[in-house]
Amino acid sequence: MKIICIGRNYAEHAKEMNAQLPTSPLFFMKPESALLRTRDFFYPKFTNDLHYECEIVLKIDKVGKNIQEKFAKTYYSSFSLGIDFTARDLQEKCKKKGLPWEIAKSFDQSAPLSEHWFSINEVKDQIDFELKLNGKSVQKGNSKDMIFSFDNIISYVSKYVTLKRGDLIFTGTPSGVGAVKIGDNLKASLMGKEILNLNIR
Ligand code: MG
């Protein structure tokens, strides 16, 4: 399986990163070794500025390539929350030099994922989520603020990359990203239910 991550999918986050709004989805990937399913995240030695990015995650149900947007809904039925951990200091260096982002984004355990999945049928018209750092709200997101919808994303990505059953799509983070340090706790809730609890060790 692979993890596809969308960058700059919320206008307010693009603004806080001093980035231009994308005209088509921007994506990068994390390998399977980035997945973290325990409550403990160990702060990597190679960064001094590790940022959380809380994101809605879609799970792909079946194989597809060149998926038309109008059929995209048939390729997923569940969603959850994850953190796209980012070594911001390394990412800034990569950006300046025009280099790929892998060392900043794709390292081991850089993709903590909740075990709890919601059915897309439970959604009326929008999905809201929230991230708390040490009990204080730091990110509030709503799917209605996404620049590119789930269906847009699936159609676009599948032009380039075949999607397979079990693949995950991190759909971008809202504004409020920030640094964590050892001893911090992150709790994320989706549609009012706390489903991710992570200790930074
Ligand atoms: Mg992200």
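Derivation of every value follows stated rules applied to the coordinates shown; laboratory data play no part. Because the structure is a prediction, the values reported are computed rather than measured. Here the Cβ positions follow ideal geometry from the backbone for every residue, glycine too, while neighbour counts run over all protein chains shown.
So the values come out like this:
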| item | result |
| --- | --- |
| Distance between modelled label sites at residue 99 and residue 134, nm, 7 Å Cα→Cβ extension | 3.2 |
| Whole-Hz couplings from phi, Karplus 6.51/-1.76/1.60, listed for segment 6-16; x for Gly and Pro | 9, x, 6, 9, 10, 4, 5, 6, 4, 5, 5 |
| Pair residue 120, residue 16: separation of 7 Å Cα→Cβ label points (nm) | 2.8 |
| Prolate/oblate/rounded label for segment 24-104 (Cα gyration tensor, a/c 1.5) | oblate |
| Two-decimal ratio, the chain, of alpha-carbon radius of gyration to 2.2 N^0.38 Å | 0.95 |
| Volume in Å³ per residue [convex hull over Cα atoms, computed for segment 54-158] | 150 |
| Greater than 22 Å apart at Cα, pairs in 30/59; 132/181; 97/140; 30/193; 97/132 | 97/140; 30/193; 97/132 |
| Integer Hz, Karplus 6.51/-1.76/1.60 couplings in order for segment 170-180, x for Gly and Pro | 7, 9, x, 10, x, 5, x, 4, x, 8, 10 |
| Among 93, 187, 140, residue whose mean-square fluctuation peaks in a GNM of the chain (springs only between Cα atoms under 10 Å) | 93 |
| Sites residue 159 and residue 38 - FRET efficiency at Förster radius 45 Å, r taken between beta-carbons, to 0.05 | 0.80 |
| Residues whose placed amide H lies under 5 Å from that of residue 26, excluding near-sequence neighbours | 7 |
| Over the chain, relative contact order from alpha-carbon pairs under 8 Å, at least 6 apart, % | 35 |
| Within straight-line cross-link reach of residue 144, lysines at Cα separation under 16 Å, skipping those fewer than 8 residues along the same chain | 124 |
| Nitroxide proxy distance, nm - points 7 Å out along Cα→Cβ at residue 46 and residue 65 | 3.1 |
| Under 17 Å from residue 93, Cα to Cα: lysines that are on another chain or at least 8 residues apart | 45, 105 |
